[in-house]
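Report on one structure; see the data block that follows.
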């Protein structure tokens, strides 16, 4: 049994931590938060150069990692730095490429064309298999129609992988140039950008059809794992900042951390966070199993994270008091990211429901 | 045991409802229902409507323009205005300062300031909290030194709600540095248009501008703006805070928010059926409904005791704890209900860059509101402080 990261992975984590600290201080992040289209190509190239993108994909596909624990190590580090770079879209799009269009992965790993995914639809909540967008065969290729919801970093992307239903009712994925999609971009509460997409008779060539729905499920699975790991990094930072505050903030003549009531609440948070970390380890270990086993462990993790991250965020704000309510402090930005992770790729209820369904099957 | 209102109380409720039906503009209640922020002018418009009916300051003694209502009538009014999604009446002048002036102010102060409040001529804000003080209000560091017939005020106040709208601020200031922290505090009314007053916005979690920092640099305040006696400010401040905490259960607001949540849960769909029928969500909703029904009766029990003459003491702490937790839970459920559309930033926030709402109309402000309401368990004496009061006063621990 060995729960350490190992030398190579630890080295990557250290390098990435330093890079993000230098490149993406909170000041820079705040200045960029919510601005359109928000994408810092220089930082992106830096991430590619130090191997953060390549670490997400296996060697046979052109990467130099790809183990689920590589993914969690990278994303926990991103979470700890509150990095808002489009790494989740890259991971999910790259996972589709690795399975369906391996020749495209090299460019993505090198930090070239940025690709995002648009699997969710406005009516469908968190269910990626509820697809109404259509793909119709034409003489020149395919014609795509439909709407996609809350597509992360879509404005900054060069291409978008879109899910659509073919005539036989099956879901397929299509690679669509971002420029051919009507986008309405907006800022999100966690300082990122997303967009509502409308595809109105978008014509794409035959080779734009990448694959069926299998790679989409794989991408959503690894995306959920990545979000869980990112949340761990966010929560660790929330815990550290709150502990620091409890030790230094004096009220009624003593540090507020002397209050046993607050000590016990922090102790409970610590226990919950360790439980959450274990759930993510369980999920990462199950990534190679059959889809049902994998998804059950992922739902267990995303449920655990959904509850624990929100609670950690709320407690961090509460224990900071008024100052925790302001944009002045890092803690509020980390708290919002922790809360918003529950709204991406399924919240605690969605995953508890899926866990129950998969357990009954 | 009788949970029903008397015939007179029912008649009063009918009267309040009729007034709200006739006088509350839909464009204001729509905004409140959707959780959107009202402008200063819109708040003043509602104040003026209430003032015309004589209901802007119903809790004041009749001779100053109060309505002479019983405790139960006041509770009914609060419930009905919340139910109708009426705008919040800004409490700083009407509910916090006014009772202090009525009890401790000079005749000249009462004659000058109270009618101006009813006419909406001043917008008051509260200068209690200071940086680093938190719930420890007695650690006042802002100083006021006597210079002839003026005080010269220097210091900083913070968490000042709607300070950007205000022209007047009531402040706790230190007029004597010796003795215990509670001694040497005085209660001063400061004209914010005076030289040396600077208001700086604090942007909160939700990206909105509601609270401010107030910097006071050599601000000259005429001595007639001292309330009561010099050095007795802590007594007045504590008296004021009992008023701040009485309506903190917010049962009316919770009921309105829960009603809106039910509508959203019937509209949103999850797994091919309304979200309200999703067993996990339905269980969460049911827990909140049950807690609210319980809290309504707990509140009425405190109201009934108050109607018999018992002064609400630590009971108001209990109501504050449960009431704020419940409002936060309902806002968290509402955020949960809108799913992925909880993420977009609402278009109206000053730090926002979004031109128009994203997703279903009901989704727009819910996350901002959830974030904003995190304040409920922090302000007005944090819930941790309230629990200390309950432990000490109700449990004798």
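Here, each number is a calculation from the coordinates, and none is a lab measurement. Everything quoted here is computed from the prediction, not taken from an experiment. We place every Cβ from the backbone using ideal geometry, glycine too, and count neighbours over all the protein chains shown.
If contacts are Cα pairs under 8 angstrom and at least 6 residues apart, what is the relative contact order of chain A in percent? Mind showing how you got there, number by number?
Details: 649 pairs, mean separation 56.8, N = 361.
Over chain A, the number comes to 16 percent.
Going by C-beta contacts inside 10 Å, put A:281, A:109 in order with the fewest on the left. Mind showing how you got there, number by number?
Working: A:281 18, A:109 23.
Fewest to most other Cβ atoms nearby, the residues stand as A:281, A:109.
Treating the angle as unsigned and between 0 and 90°, give the value, to the nearest 10°, between the Cα long axis of helix B:71-83 and the longest Cα principal axis of chain B.
Orientation of helix B:71-83: about 50 degrees from the principal axis.
Report, to two decimal places, the Cα Rg of chain B normalised by 2.2 N^0.38 Å (N = number of residues).
This ratio for chain B stands at 1.02.
Test of understanding: in a Gaussian network model of chain B with alpha carbons linked when under 10 Å, which of B:214, B:49, B:321 would top the mean-square fluctuation ranking?
Comparing B:214, B:49, B:321 in the GNM, the peak value goes to B:49.
Tell me, what is the FRET efficiency for residue B:182 and residue A:42 to the nearest 0.05, using R0 = 56 angstrom and their Cβ-Cβ distance as r?
0.50
Compute the length gained on full extension between residue B:191 and residue B:297: take 0.36 nm times their separation in residues and subtract their Cα-Cα distance, giving the result in nm to one decimal. Please report the intermediate quantities before stating the final value.
Working: separation 106, 0.36 × 106 = 38.16 nm, distance 4.25 nm.
Here the segment from residue B:191 to residue B:297 would lengthen by 33.9 nm.
Which one of A:121, A:196, A:42 has the biggest mean-square fluctuation once chain A is modelled by GNM with Cα springs under 10 Å?
Taking springs between Cα atoms under 10 Å, the residue moving most is A:42.
Wrap a convex hull around the Cα atoms of chain A, take a quarter of its surface area, and give that in square nanometres.
Numbers: hull surface 75.1 nm².
That works out to 18.8 nm², a quarter of the Cα hull's surface.
Between A:117, A:13, A:136, find the one with the highest GNM mean-square fluctuation for chain A; connect C-alpha pairs within less than 10 Å.
A:136
With contacts defined as alpha carbon pairs under 8 Å and 6 or more residues apart, what's the relative contact order of chain B in percent? Provide the component values of the computation, followed by the final result.
Working: 622 pairs, mean separation 55.5, N = 397.
For chain B, the relative contact order is 14 percent.
Shielding by partners for A:119-125, please: the mean number of other protein chain Cβ atoms within 10 Å of each residue's Cβ. Mind dumping the intermediate values first?
Values: counts 0, 2, 1, 5, 3, 6, 10.
Going residue by residue through A:119-125 and averaging, the value is 4.
On a 0 to 90 degree scale, rounded to 10, what angle separates helix B:251-267 from the longest Cα axis of chain B?
For helix B:251-267, the angle is close to 30 degrees.
In Å³ and rounded to a whole number, note down the convex hull volume per residue for the Cα atoms of region B:56-151.
Details: hull volume 14.7 nm³, N = 96.
Dividing the Cα hull volume of region B:56-151 by its residue count gives 153 Å³.
Between residue B:387 and residue A:8, what is the FRET efficiency for a Förster distance of 41 Å, r being their Cβ-Cβ separation, to the nearest 0.05? Before the final figure, lay out the partial values.
On the way: r = 49 Å, r/R0 = 1.20.
That gives a FRET efficiency of 0.25.
Is region B:168-226 best put as rounded, prolate or oblate by its Cα gyration tensor, with a ≥ b ≥ c the root eigenvalues, rounded for a/c under 1.5, and otherwise prolate when a/b is larger than b/c, oblate when not?
Numbers: a/c = 2.74, a/b = 1.57, b/c = 1.75.
Verdict is oblate for region B:168-226.
Counting each DSSP H run of 4 or more residues in the protein assembly as shown as -39500 (n - 2.57), what helix-only mean residue ellipticity at 222 nm follows after dividing by all residues, to the nearest 500 deg cm²/dmol? Could you put the intermediate results ahead of the total?
Working: 23 runs with 351 residues, N = 758.
-15000 deg cm²/dmol, from helical runs alone.
Let me make sure I get this right: for region A:45-101, a, b and c are the square roots of the gyration tensor eigenvalues over alpha carbons, sorted descending. Under 1.5 in a/c it's rounded, otherwise prolate if a/b > b/c, else oblate. Which is it? Please report the intermediate quantities before stating the final value.
Details: a/c = 1.70, a/b = 1.58, b/c = 1.08.
Since a/c reaches 1.5 and a/b is larger than b/c, the shape of region A:45-101 is classed as prolate.
Among B:113, B:124, which comes first, second and so on when ranked by fewest other beta-carbon atoms within 10 Å? Please list the in-between numbers first.
Details: B:113 22, B:124 25.
So the ranking, lowest neighbour count to highest, is B:113, B:124.
How big is the C-alpha Rg of the protein assembly as shown next to the rule-of-thumb value 2.2 N^0.38 Å, as a ratio?
Working: Rg = 28.5 Å, N = 758, 2.2 N^0.38 = 27.3 Å.
Cα-based Rg divided by the globular estimate yields 1.04.
Let me know the mean shielding of A:187-193 by other chains, meaning the per-residue number of their Cβ atoms within 10 Å of its Cβ.
Details: counts 12, 7, 15, 3, 2, 2, 3.
Mean partner shielding for this stretch: 6.
Roughly how crowded by other chains is peptide A:344-355, in terms of the mean Cβ count from those chains within 10 Å of each of its Cβ atoms? Walk me through the intermediate numbers first.
Details: counts 3, 1, 2, 6, 2, 11, 7, 0, 1, 6, 1, 0.
Mean inter-chain Cβ contacts per residue within 10 Å come to 3.
What do you get for the angle between helix A:291-320 and the principal long axis of chain A? Use alpha-carbon atoms, 0 to 90 degrees, nearest ten.
40
Which order, highest average first, do B:114-123, B:386-395 follow once you tally other Cβ atoms within 10 Å for each residue and take the mean per peptide?
Values: B:114-123: 17.1, B:386-395: 15.3.
Most protected by this proxy first, the peptides run B:114-123, B:386-395.
What is the order of A:103, A:330, fewest Cβ neighbours within 10 Å to most? If you can, show how the numbers build up before the last one.
Numbers: A:103 8, A:330 15.
Ranked by crowding around the Cβ, least crowded first: A:103, A:330.
Checking the a/c ratio against 1.5 first, then a/b against b/c, what shape does the Cα gyration tensor give for region B:108-158? Please report the intermediate quantities before stating the final value.
On the way: a/c = 2.96, a/b = 1.42, b/c = 2.08.
Oblate, because a/c is 1.5 or more while a/b does not exceed b/c.
Which whole-number percent gives the relative contact order of region B:250-397, counting Cα pairs below 8 Å spaced six or more residues apart? Write out the running numbers ahead of the final one.
Numbers: 137 pairs, mean separation 37.4, N = 148.
Result for region B:250-397 is 25 percent.
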